[in-house]
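The values are calculated or read from the model by the stated rules, or taken from the named source; none is laboratory data. Just so it is clear, the model here is predicted, and its values are computed rather than measured. Here Cβ is always computed from backbone atoms with ideal geometry, including for glycine, and neighbour counts include all displayed protein chains. In case anyone asks, the SASA skips ligands and DNA or RNA and just uses the protein heavy atoms, side chains included. Shrake-Rupley method; radii C 1.70, N 1.55, O 1.52, S 1.80 Å.
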Amino acid sequence: EDAAKRLQRLIRPFVLRRLKKEVLQDLPDKLEENLYADMDGEQQELYDAHVRRMKLMLEEKSDEEIRTDKIEILAELTRIVTDIPAPTGDENAALKCLIFDSLYDNYKGGSAKTELVRGLIRNAVENGHKVLLFSQFTTMLERLYRILEEEKIASHMLTGATPKEKRIEMV
């Protein structure tokens, strides 16, 4: 519990959260359902190696270094969530993480989360529904956007980088 609270304090300056009522009032009520994406063996190994890598990185840092390296730590947490490896300038950490690098370089599989979301979107579209998907991770949105293009599913992607004129046109 203490670790969770500490993590929330560390990432609070970097995470923008909005409530639905602040974005658009005429959206239907939110329905929540927890779905679990089980990783296959190789993907689980990659994930576990990345978690070990991050633990090693954090164990080597003092509390002061952790306070000053908040962006690096947030980037590592983001990579765990989005399956993207982190380059490191720390030679010791790099040596300790050769297992992770080898796994990542040779990984040819997909992402359980991506496949789960792909299936949910495909199912909704096939049943005549529209989907509004929010994500804190633009890399995940970009990945899903490419998948939707491949499957010929009409979509738009709005991020903070979308110019105002283009945003209005898409909406």
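Decide, for segment 20-70, between rounded, prolate and oblate: order the square roots of the alpha carbon gyration tensor eigenvalues as a ≥ b ≥ c, take rounded if a/c falls under 1.5, and otherwise choose prolate if a/b is larger than b/c, else oblate. Oblate. Using 1/(1 + (r/R0)^6) with R0 = 25 angstrom and r between the beta carbons of residue 16 and residue 132, what's the FRET efficiency to the nearest 0.05? The computed FRET efficiency comes out at 0.90.
The listed peptides 136-146, 21-31, ordered by packing as a protection proxy, come out as 136-146, 21-31 (highest mean of other Cβ atoms within 10 Å first). For residue 19, the accessible area of its heavy atoms, probed at 1.4 Å with every protein chain present, is near 100 square angstrom. A DSSP coil position with no more than 14 other Cβ atoms inside 10 Å describes the following chymotrypsin sites (Phe, Trp or Tyr not before Pro) in segment 3-81: 36. Exposure check, 1.4 Å probe, all protein chains in place: residue 150 carries approximately 130 Å² of accessible surface.
If R0 is 22 Å, the Cβ-Cβ spacing of residue 156 and residue 27 corresponds to a FRET efficiency of close to 0.85. For residue 5, the solvent-accessible surface computed with a 1.4 Å probe is close to 100 Å², ligands and nucleic acids excluded. Ranked by solvent-accessible area (1.4 Å probe, protein heavy atoms only, all chains present), the residues 171, 51, 125 order from largest to smallest as 171, 125, 51. Note on residue 125/residue 59: beta-carbon distance plugged into 1/(1 + (r/R0)^6) with R0 of 45 Å gives a FRET efficiency of 0.50. Applying 0.36 nm per residue to the separation of residue 70 and residue 36 and subtracting their alpha-carbon distance, the gain on full extension is 9.4 nm.
Spin-label model, residue 145/residue 44: points 7 Å from Cα along the beta carbon direction are separated by 3.4 nm. In this structure, the pairs whose alpha-carbon distance is over 31 Å, taken from 5/152; 130/164; 5/164; 30/55; 5/130, are 5/152; 5/164; 30/55; 5/130.
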